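To start, the structure itself, in structure tokens.
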Amino acid sequence: MKNIRIWDLATRSFHWLLVFSIIGLIITGNVGGNAMVWHFRLGNVVFTLLLFRIIWGLIGGHWSRFSSFIYSPKSIIQYLKGDHPKHHAIGHNPMGALSVFALLLTLAAQVATGLFSDDEIAAVGPLAKHVSNATVSQASFYHTEIGKLLIILLVVFHIGAILFYLFKKRENLVKPMIHGDKFVDTDTPPSRDDGRMRLLALITLLACGLVVYLTVS
């Protein structure tokens, strides 16, 4: 066994920024009023993070790439039966991968509908003026009623899975997402996490932020 870098700094930063942003979005969305200013700001942060994660899923460290945790239905069934290769438990396992993709898709839908939403009081999405009233109404309904509930359910499921692995399987999934390393077989390829990769991540994040800025303004 050897201590290997699994989660690069960019992926870990993305994860925790997303966690705190979601918490902030839920709070500000429920408070309303002046808090909606921060709701929109945090929504732009999540928009930026989602764009970044899509790109980083193609060019990031080995275990952060989508190619490392896209599993076939057969692999998922085998994992549920307890019959799976060791490398399925190193990065995102099959069930964890489904959770990640579900959360990313749900957040993408939430961000998209937020851009076109209107609470008919003071908060109006930056792109609402470009679509019909019917579209704005549908987007607003999904954003405030359906999307928010789905995100909360996925977050609860995610926390439940972490607790299950901690107490049932004696595996701490949080620590590697803090320091990035895991004790694994020596033939496991590490994720590249040197200065060049971190600079690439920063440039990618700034580019995504510029795209979001141009979109919402």
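Read-outs: derived from the displayed coordinates by stated rules, not from any lab. Predicted model, so just to flag it, every value in this text is computed and none were measured. Please note: Cβ atoms are built from the backbone with ideal geometry, for glycine as well, and neighbour counts cover all protein chains shown.
Quick notes on this one:
- Length gained on full extension, Arg192 to Ser99: 31.1 nm, using 0.36 nm per residue less the C-alpha separation.
- The alpha carbon gyration tensor of the stretch 143-217 gives principal lengths a ≥ b ≥ c with a/c of 1.5 or higher and a/b no greater than b/c, which makes the shape oblate.
- Between Ile162 and Ser132, residue separation times 0.36 nm minus the direct Cα-Cα distance comes to 6.6 nm.
- Two-site label geometry, Leu153 and Val174: point separation in nm, points 7 Å out along Cα→Cβ: 2.6
- Lys2/Leu199 FRET efficiency (R0 22 Å; Cβ-Cβ; nearest 0.05): 0.25
- Placing +1 on the Cβ of every Lys and Arg and -1 on the Cβ of every Asp and Glu, with no other charges, gives the chain a dipole of roughly 660 debye about its Cα centre.
- Prolate/oblate/rounded call for the stretch 86-217, Cα gyration tensor, a/c under 1.5 rounded: oblate
- Residues Ile77 and Phe183, FRET efficiency given R0 of 30 Å [Cβ-Cβ distance, rounded to 0.05]: 0.60
- Each of Ile23 and Leu214 was given a label point 7 Å from its Cα along the Cα-to-Cβ line. The distance between the two points is 3.4 nm.
- Peptides ranked, highest mean first, by Cβ atoms within 10 Å: ranges 206-212, 158-164: 206-212, 158-164
- Selection from Thr106, Ile178, Ile151, by position along the positive dipole direction of the stretch 76-184 (Cβ): Ile178
- Nitroxide proxy distance, nm - points 7 Å out along Cα→Cβ at His15 and Asn30: 2.5
- Span-rule helices in the chain, defined as complete DSSP H runs reaching 30 Å or more along the axis (Cα) with Kyte mean at least 1.0: 9-31, 36-59, 94-115, 195-216
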